[in-house]
Amino acid sequence: MAKIWAENSYCKRRQVGALIVKDKMIISDGYNGTPAGFENICEDQDNITKPYVLHAEANAITKMASSNNSSQGATLYVTASPCLECAKLIIQAGILRVVYGEPYRIDEGIKLLQRALIEVLYIDIEEQILTSKSKI
């Protein structure tokens, strides 16, 4: 489901989606992109991601601030492993479990989450899709 949500991203280099789930209900969602009111162009002329692009996790967590939902004890599903900055937000949001689908070459975010005793699980999204299709 987070992978489908990632398709909403206008970013060309990488599309990432995130869902926050609590009590079997999606309470927030996000994908990587520019802040509200900015043009939906994530990369500069050299195809480098602009510094103000928000990560999917940050979008999902900050969206919670304008809702009546609480992320305390929730699970975050994200298509790529969280970076260090997003890991800090995840910890502060009280999220207790992170499930990600694509490892990133820098694993500082994962290490910080584990240090904070947050359950971290890797699921190979492509393998899951293939397995699901073979059951049809």
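Things to note:
- For residue 88, the aspartates and glutamates whose Cα comes closer than 14 Å to its Cα, not counting residues fewer than 8 places off in the same chain, are 57, 107, 108.
- A Cβ-based charge dipole, computed about the Cα centre of the chain with Lys and Arg at +1 and Asp and Glu at -1, lands at about 300 debye.
- Label-point gap, in nm, between residue 47 and residue 121 - each point 7 angstrom along Cα→Cβ: 3.6
- Among the trypsin sites (Lys or Arg not before Pro) found in the range 22-127, those both in a DSSP coil and sparsely packed, with 14 or fewer other Cβ atoms within 10 Å of their Cβ, are 24, 105.
- Between the range 45-95 and the range 1-34, the Cα center-to-center distance that results, in Å: 10
- Using the Cβ-Cβ distance between residue 26 and residue 91 with R0 set to 30 Å, the FRET efficiency works out to roughly 0.90.
- Maximal additional length on extending the residue 36-residue 68 stretch stands at 9.5 nm, based on 0.36 nm per residue less the C-alpha distance.
- Per residue of the chain, the DSSP helices (runs of n ≥ 4 H) give a summed -39500 (n - 2.57) that works out to -8000 deg cm²/dmol at 222 nm.
Where a number appears in this text, it was derived from the coordinates with a stated rule and is not lab data. These numbers come from a predicted model, not from an experiment. Cβ coordinates were reconstructed from backbone atoms using ideal geometry, including for glycine residues, and neighbour counts include every protein chain displayed.
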